[in-house]
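Below is one structure; the comments refer to it alone.
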Amino acid sequence: MAKQNKPAIRFKEFTDAWEQRKAKDLCSISTGKSNTQDRVDDGIYPFYVRSPIVEHSNRYLFDEEAVLTVGDGVGTGKVFHYVNGKYDLHQRVYRMFDFSEEITAKYFYYYFSNHFYDRVMAMTAKTSVDSVRYEMIADMDIALPKVKEQMAISAYFDRLDHLITLHQRKYDKLQVLKKAMLEKMFPKNSSGVPEIRFKGFTDAWEQRKLGALCVEFKSGDFISASDIAENEAYPVYGGNGLRGFTNHYNHDGEYALIGRQGALCGNVNYAVGKSYFTEHAVAVRANKTNQTRFLYYLFSTMNLGQYSGQSAQPGLAVGNLVELENVVPSKPEQEKIASFLSSLDNLITLHQRELEKLQNIKKSMLEKMFV
């Protein structure tokens, strides 16, 4: 081999040089046979289609250990599946199966998913991949150690994938829980009482204009794009949320932010401390009888984007926002609601960070543990 035939990181007990084979010499390659109309909502077998999403079928055409990749459609060249059992397969999805004794299917999956997209991109003159051809797979070079080392590598990435899946599930469940609690802890259709309420609170919520709840309700200031970077001290919030960082600030304190222009017009964010808010973000701070964090959650339930002007560039006018009405409870109840939802947000952030950390570890180790 012309290039280095040992990975940067390796388990201590393995020292042999890796070998190189063509994919077509290590497995059989073919496409599926089914069409999109073969999918059903309540099928008992997984149906792998032309997207990252796995659908369902009432039949199976294959019963084997295999590696799958999308031939065209959403995620072409980037979507991979490892399967071991009964499944149905779309005719635009490739399957690699019947592996030789030199390689395990799981090792092929990890190696292939780490290298294939770069290979496909190098074989097309386009800026994106719209189809995978047989020879892109068949003539791909696969670097492989002995089977025992393959199994050790695969086991390591299996453990990483298990942890990633665990945190992803917890993150998803918490997101669903937060959505449900936002719906149940705020009254529907301006009714006076929410579905779920903390003990000790019985008074009806009162109708108020948003402007009457706040001591500050105004847009931020212009900032030049050249003043925004990634390594400065203060976060910059614009119409679509966090834009980056800068070396100065125009607000200091606790604020709910409403994006008044941009693709995410009406989105709501929360900032504490020294920050810079642009003219495309509306900075909101509660008065003494209300709580800013509660207002952040209240705004999140109001679908504020629906009040944007009907134009090529949607926008929210501060003068219209302050006139909007909603019901609010007493400040002690606001604080209780905000505290509960904040604790959910903290858990969501915890699992999101852990998920990102594990995904970064996996990305780095895929680069370093393969030739």
**Request:** Please report the base-10 log of the normalised intensity I(q)/I(0) for segment 142-282, using a Debye sum with one equal scatterer per alpha carbon and no solvent, at each q in 0.21 (1/Å).
**Result:** -1.19
**Solvent-accessible area of D25 with every protein chain in place, 1.4 Å probe, in Å² to the nearest 10** = 90 Å²
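If you place +1 on the Cβ of every Lys and Arg and -1 on the Cβ of every Asp and Glu, how big does the dipole about the Cα centre of segment 170-209 come out, in debye to the nearest 20?
The dipole magnitude comes to about 180 debye.
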**Request:** Provide, in order from the shortest bin, the percent of all Cα-Cα pairs of segment 171-217 in each 5 Å bin, continuing until the bin that contains the maximum pair distance.
**Result:** 5, 17, 19, 19, 18, 15, 7, 0
**Asked** Residue-wise, which Karplus ³J(HN,Hα) couplings in Hz belong to segment 295-300, taking 6.51 cos²θ - 1.76 cosθ + 1.60, θ = phi - 60°, and x for glycine or proline?
**Response** 4, 4, 6, 4, 4, 5
**Request:** With just the Cα atoms of segment 112-186, tell me how far they stretch along each of the three principal axes, in Å, largest first.
**Result:** 59, 39, 15
**Asked** Taking a spot 7 Å from the Cα of S343 along the direction of its beta carbon, which residues of segment 190-213 have an amide N less than 17 Å from it?
**Response** 196-201
**Request:** Give me the aspartates and glutamates in straight-line cross-link reach of K357: C-alpha distance below 15 Å, same-chain residues under 8 apart excluded.
**Result:** D161
**Request:** Could you state the angle between the C-alpha long axis of helix 331-368 and the longest principal axis of the C-alpha atoms of the chain, as a value from 0 to 90 degrees rounded to the nearest 10?
**Result:** 20 degrees
**Message:** Over the Cα atoms of segment 197-254, what radius of gyration and what Dmax do you get, in Å?
**Reply:** 17.8, 52
**Message:** Tell me the per residue accessible area of segment 1-56 using a 1.4 Å probe; a whole number in Å² is fine.
**Reply:** 67 Å²
**Prompt:** Tilt of helix 105-122 relative to the longest C-alpha principal axis of the chain, in degrees (0 to 90, nearest 10)?
**Reply:** 80 degrees
**Message:** Between N247 and S224, what is 0.36 nm times their sequence separation minus the Cα-Cα distance? Round to one decimal in nm.
**Reply:** 7.1 nm
**Prompt:** Residue-wise, which Karplus ³J(HN,Hα) couplings in Hz belong to segment 199-209, taking 6.51 cos²θ - 1.76 cosθ + 1.60, θ = phi - 60°, and x for glycine or proline?
**Reply:** 4, x, 10, 10, 5, 5, 6, 10, 6, 9, 6
**Prompt:** lysines near K184 by alpha-carbon distance under 24 Å, same-chain residues fewer than 8 away left out - which ones?
**Reply:** K170, K173, K199, K209, K331, K336
**Message:** For L61, what residues show an amide H to amide H distance below 5 Å, using hydrogens built from the backbone and excluding near sequence neighbours?
**Reply:** Y87, D88, L89
**Built amide H within the under 5 Å cut-off of E19, gap 5+** = L144
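Can you tell me the alpha carbon radius of gyration of segment 45-145 divided by the globular rule-of-thumb value 2.2 N^0.38 Å?
Computed over Cα atoms of segment 45-145, the ratio equals 1.05.
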**Fill in**
As straight-line cross-link partners of K86, the qualifying lysines (C-alpha separation under 24 Å, not fewer than 8 residues apart within one chain) are K24, K33, K78, K106
**Phi to ³J(HN,Hα) by Karplus 6.51 cos²θ - 1.76 cosθ + 1.60 over segment 155-164, Hz, x for Gly, Pro** = 5, 4, 6, 4, 5, 4, 4, 5, 5, 4
**Prompt:** Which residue, K170, K199, K288, has the most motion in a Gaussian network model of the chain that connects Cα atoms within less than 10 Å?
**Reply:** K199
**Fill in**
Sorted by chain and then number, the residues having a modelled amide H within less than 5 Å of the amide H of N287, at least 5 places away or on another chain, are C214, V215
**Asked** Taking 1 over the mean of 1/r across every pair of different Cα atoms in segment 261-371, what Kirkwood radius in Å do you get?
**Response** 17.1 Å
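Ratio of alpha-carbon Rg to the 2.2 N^0.38 Å globular estimate for segment 25-91, to two decimals, please.
In units of the 2.2 N^0.38 Å rule of thumb, it is 1.04.
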**Fill in**
When all Cα-Cα pair distances of the chain are considered, the percent exceeding 27 Å is 63 percent
**Complete:** Listed residues Q91, Q37, Q359; largest mean-square fluctuation, Gaussian network over the chain with Cα springs below 10 Å, found at Q37
**Prompt:** Taking 0.36 nm per residue of separation and subtracting the Cα-Cα distance, what length does fully extending V74 through K368 add?
**Reply:** 103.0 nm
**Request:** Take every Cα-Cα distance within segment 302-366, group them into 10 Å bins from 0 onward, and report for each bin the whole-number percent of pairs it holds.
**Result:** 16, 21, 25, 25, 12, 1
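The values are calculated or read from the model by the stated rules, or taken from the named source; none is laboratory data. Being a predicted model, the structure only gives us computed values, none of them experimental. Virtual Cβ from ideal backbone geometry, glycine too; neighbours counted across all protein chains shown. To get the accessible areas, we keep the full protein, side chains included, count just its heavy atoms, and leave off ligands, DNA and RNA. Shrake-Rupley method; radii C 1.70, N 1.55, O 1.52, S 1.80 Å.
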